[in-house]
Amino acid sequence: MHLDETELKCLDFDALIVLLVVFRERNVSRAAICLNITQPAVSNVLSKLRRQFDDPLFVRCGKGVIPTDRATKIANMLGPVMVVLQKVVALAQNDR
């Protein structure tokens, strides 16, 4: 497996978590509550991710948001990765 560290260094792990929670909740305010951060903080993270992925990621619809096709692809790819990372963290905590 070839790992390109330079590509990964530009990713913000916390921002990816925000993306996943907004994707799950379909609502920026609810995502903020789940993440224990402010709604403007979630919006700022989404703005950064929109620039990074060159995509709106979410489109406002009523009181919520609908993910774009790209956001759906990203979330579907990230979900399993985050589950593995959660297991790695649990393993590290169990070794203490």
Checklist entry - 222 nm [θ] for the chain, helices only, -39500 (n - 2.57) per DSSP H run of 4+, per residue, to 500? => result -22500 deg cm²/dmol
Checklist entry - Tell me, what is the percent relative contact order of the chain, built from C-alpha pairs under 8 Å that lie six or more residues apart? => result 22
Checklist entry - Once phi is turned into θ = phi - 60°, what whole-Hz ³J(HN,Hα) does the Karplus curve with 6.51, -1.76 and 1.60 give for every residue of segment 64-77, x standing for Gly and Pro? => result x, 9, 10, x, 6, 4, 5, 4, 5, 4, 4, 4, 5, 7
Checklist entry - Between Pro80, Pro56, Pro67, which gets the highest mean-square fluctuation from a Gaussian network model of the chain, Cα cutoff 10 Å? => result Pro80
Checklist entry - Expressed as an acute angle from 0 to 90° and rounded to the nearest 10, what is the orientation of the C-alpha long axis of helix 13-25 relative to the principal long axis of the chain? => result 50
Item to check | Cα-based radius of gyration of segment 5-94 once divided by 2.2 N^0.38 Å, which approximates compact folds | outcome: 1.11
Checklist outcome for this item: Any residue on another chain or 5+ positions along whose placed amide H is under 5 Å from the amide H of Phe58 is listed here as Thr68
Checklist entry - Could you list, bin by bin from short to long, the percent of Cα-Cα pairs of segment 48-96 in 10 Å steps? => result 23, 33, 25, 16, 3
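No lab work stands behind these numbers, since they all come straight from the coordinates. Just so you know, these numbers come straight off a predicted model, no measurement behind them.
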